[in-house]
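What follows is a short report on a single structure.
The values are calculated or read from the model by the stated rules, or taken from the named source; none is laboratory data. None of the values given here were measured: they were computed from a predicted structure. Cβ atoms come from the backbone with ideal geometry, glycine included; neighbour counts cover every protein chain shown.
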Amino acid sequence: MAPSDARRHTAPTPSDRHAILVAAAFGPTPGAHPLPAAHGPEQNWLRAVALGGQGRYAAARAELTRVRGTGGAWSSFGASTEASLLRQLGGHRAAAVLDGRALVEAGSLRTGSGNTVAARDSDTVAASRDADAVAAWCDAATGLAADALGRGRLAVCGSLLDRCAAALDAAESEAGEKAFARQRIRLAWVGAESALAAGDFTRARSRADRAVELADGFGSIRHSVKSDLVRAASLTGLPDHGPAVEQAADVLTRAEEHGLVPLQWAAAMLLDGLGEGDAGRVRDLDAGRVRDICATTIVGRGGRFVTSSAC
């Protein structure tokens with residue numbers, strides 16, 4: 001093979017690079033690694049999302065530093081994503097600061113402050129920017145709801161979820177439901193988790209089932225695995241823990257298959273907690289050992305677990 005042919009095969013084109021990053025962040029290849037270099041804030045954000053899903057926290061944070069301060073929706077998305085990385089490991093208090101910043105940035109876009117939509121001639125571009133502003137605002141609001149939930153503030157969580165749902169209802173009347181599929185999935189996740197915290201397992205299962213349904217049509221393996229994990233947690237309210245164990249075990253297997261270490265760790269945590277109810281099945285999976293291995297991997301990749309006293 002000539003050197004020029006080798007370069008063609010090893011260096012993706014700009015369009016290929018973008019497609020690879022989208023597929024890793026929100027598509028069928030969440031475990032793809034190494035990822036191509038990012039060019040511009042959108043690709044930095046996509047790369048950070050994919051890296052975070054793999055538990056490569058330090059690398060994800062490095063990408064997000066390049067998004068910070070760029071202005072527009074990407075800056076808000078970046079702050080929300082950085083908050084989610086903190087929240088995954090127990091840092092709800094610090095995450096709330098970033099989600100609050102993301103909400104302010106997205107809110108300024110929605111109200112037109114600093115927005116360039118009015119200066120554009122294309123209605124399509126304007127609609128796209130407006131949809132991005134709503135999506136960013138809802139990401140931040142849902143993140144803040146999850147932050148509040150992690151600190152035991154269920155009423156605040158519920159209020160934020162209601163506001164997010166109302167914003168999506170209004171935006172979908174113009175842009176259509178598919179424009180905000182990811183935001184609806186995240187809303188269902190936190191809604192299910194909030195119901196679990198309140199001890200309402202029936203509502204939790206309803207919200208979790210909705211997340212699974214939406215994720216099936218979204219095309220993101222990571223969102224599908226996470227939705228099934230939330231559903232597994234919702235099934236723990238049944239007298240028989242067998243269905244919850246089976247669902248969590250399936251999540252554990254798929255998360256490992258796709259390199260989604262944080263979700264693998266979370267599934268192992270859930271299974272280990274269910275050990276007394278179905279000891280034989282959990283023992284076969286060695287959930288406690290998997291949990292510890294995943295935690296070690298996460299720390300090695302720059303994850304910083306936060307103790308309950310500092311969350």
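Every condition in (1) more than 23 Å from Gly27 (Cβ to Cβ); (2) touching a Gly at 6+ places or on another chain (Cβ under 8 Å) is met by Gly72 except one, and the failing one is (2).
The residues listed here are Ala255, Ala266; of these, the one that is in a helix (DSSP H, G or I), more than 20 Å from Ala32 (Cα to Cα) and modelled with pLDDT of 95 or more is Ala266. If you filter the stretch 290-311 down to residues that are surrounded by fewer than 17 Cβ atoms within 10 Å (Cβ to Cβ) and among the hydroxyl-bearing types (Ser, Thr, Tyr), you find that the one that is modelled with the highest pLDDT is Thr296. Let me confirm something: among Arg222, Arg203, Arg207, which residue is over 15 Å from Gly55 (Cα atoms), crowded, with 23+ Cβ neighbours inside 10 Å, among the charged types (D, E, K, R) and at pLDDT 95 or above? After applying the criteria, what remains is Arg207.
The set of residues from the stretch 128-160 being outside any loop (DSSP other than H, G, I, E, B), touching a residue at least 24 places away in the same chain (Cβ under 8 Å) and over 24 Å from Trp74 (Cβ atoms) comprises Ala148, Leu149, Gly150, Leu154, Cys157, Gly158. In the condition set (1) modelled with pLDDT of 95 or more; (2) not in a helix (DSSP H, G or I), Asp240 is compliant with all but (1). If the condition is being buried (at least 21 other Cβ atoms within 10 Å of the Cβ) and either within 21 Å of Val230 (Cα to Cα) or of a type in the set (D, E, K, R) (or both), then the stretch 58-83 contributes Glu63, Ser80, Thr81, Glu82, Ala83. When residues in the stretch 79-123 are screened for being part of a loop (DSSP other than H, G, I, E, B) and at pLDDT below 95, 8 of them pass. Just one of the numbered conditions (1) closer than 26 Å to Leu98 by Cα; (2) surrounded by fewer than 17 Cβ atoms within 10 Å (Cβ to Cβ); (3) charged (D, E, K, R) is not true of Asp147; which one? For Asp147, the exception is condition (2). When Asp169 is tested against (1) closer than 29 Å to Ala60 by Cβ; (2) part of a helix (DSSP H, G or I); (3) at pLDDT 95 or above, just one condition goes unmet, and that condition is (1).
For the stretch 154-197, a residue qualifies if it is in contact with a Leu (Cβ under 8 Å, 6 or more places away or on another chain) and of a type in the set (Phe, Trp, Tyr), and exactly one does: Phe180.
Here is a yes/no grid of residues against (1) without any contact (Cβ under 8 Å) to a residue 40 or more places away in the chain; (2) over 14 Å from the mean Cα position of the chain (by Cα); (3) more than 22 Å from Leu149 (Cα to Cα):
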position	(1), (2), (3)
Lys178	yes, yes, yes
Arg182	no, no, no
Ala197	no, yes, no
His241	yes, yes, yes
Trp265	no, yes, no
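Tallying residues that are over 23 Å from Ser84 (Cβ atoms), of a type in the set (Val, Ile, Thr) and not in a helix (DSSP H, G or I) within the stretch 8-57 yields 1.
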